[in-house]
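*Asks:* Let me give you the structure first, and then I'll get to my questions.
Just so it is clear, none of the values below were taken in a lab; they were calculated from the coordinates. Remember, predicted model here, so these are calculated numbers, not experimental data. Glycine also receives a Cβ, built like all others from the backbone with ideal geometry; neighbour counts cover every protein chain displayed.
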Amino acid sequence: MEIAMQKATFAAGCFWGVEDAFRKIGGVLSTRVGYIGGLLENPGYIKVLSGKTGHAEAVEVTFDPSIVTFDELLATFWSIHDPTLTHRELVMSLWNIHDPSTLDNLPNAVSHYRSSIFYHNDDQKSKSIKSMEKMERSLGRGKRILTEIVPVTTFYQAEEEHQQYAEKNTAKDKVNMCSLKNCPIK
C-alpha cells in the first residue's frame, strides 16, 4: 500500500531561510517558495514587497508522512523564528534594524514577513492549534504567539531565482541573507 504524499505551508519571514530549513529534513520530498494569503492573483516579488497585496512569503512543503510527521514539521517551524514578534519587529530582527523609525516610511511593507501556518486539512488545523497552545504555555506570562493559523488559499509560486535560493548562492552571499532565529543558512 502506497502512502499519499502531503503538503504543508508555512510563513516565518523571508522565505529563503525558511525553505532551506525544511529542505534539510528527511522525508521532505520537495519545497517551493511563493506567495499566499493575499488579494492579487499571480503577484510577483516586487508587488508582494510593497505590502499592498496582502501576501505572505511562504514555503510549500511536500512530505512523506511515513518518514516525517506534520508535528515534526511544526517543531521546525517554531524553532526557526520568533512567533511572538509583530510584523514590524520581525522585519527589524531579519534586517538587523535597531531604530524602528527606519520603517516609518514603509507602513505596509512588513506584512509579507509574518508568522503563519496555512493548514491543508482539519488534522493539520487541530495539530497546529495544539502546538501553538503548547508553545505559548512554554513562554511564560505576558508573551503571546502571534502566528496566524488559517486555511490554505491559492499558492503562487515565486520566480525561479527565489527557488532553492540558499543552494544557488555562495557562502559570502548567505552571510547577509538570513537573520532568522537559528537560521540554518549561516
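*Asks:* Report ³J(HN,Hα) in whole Hz for each residue of the stretch 3-9, in order, from the Karplus equation J = 6.51 cos²θ - 1.76 cosθ + 1.60 where θ = phi - 60°; Gly and Pro get x.
*Replies:* 3J(HN,Hα) across the stretch 3-9, in whole Hz: 8, 6, 5, 10, 10, 9, 10.
*Asks:* What ³J(HN,Hα) values, in whole Hz, does the Karplus curve 6.51 cos²θ - 1.76 cosθ + 1.60 give for the stretch 72-78 when θ = phi - 60°, with x put for Gly and Pro?
*Replies:* Taking θ as phi minus 60°, the curve returns 5, 5, 4, 4, 5, 3, 5 Hz for the stretch 72-78.
*Asks:* Moving to a separate point now. Could you give each residue of the stretch 15-32 its phi-based ³J(HN,Hα) in whole Hz, using Karplus coefficients 6.51, -1.76, 1.60 with θ = phi - 60°, and x for Gly or Pro?
*Replies:* Residue by residue, the stretch 15-32 yields 5, 5, x, 4, 4, 4, 4, 6, 5, 7, 8, x, x, 7, 8, 7, 9, 8 Hz.
*Asks:* Still on this structure: With unit charges on the beta carbon (Lys/Arg positive, Asp/Glu negative), name the residue among Trp78, Ile46, Ser66 whose Cα is farthest towards the positive pole of the charge dipole of the stretch 1-89.
*Replies:* Positive-end residue among those listed: Ile46.
*Asks:* About its Cα centre, how strong a charge dipole does the stretch 118-174 have in debye, to the nearest 20, once Lys and Arg get +1 and Asp and Glu get -1 at the Cβ?
*Replies:* Here the size comes out at about 600 debye.
*Asks:* Further question on the same structure: Which cross-chain or sequence-distant (5 or more) residues have an amide H under 5 Å from the amide H of Ser115, H modelled 1.01 Å from N in plane?
*Replies:* Glu148
*Asks:* For the pair Thr154 and Ser138, how long in nm is the line joining their label points, each one 7 Å along Cα→Cβ?
*Replies:* 3.7
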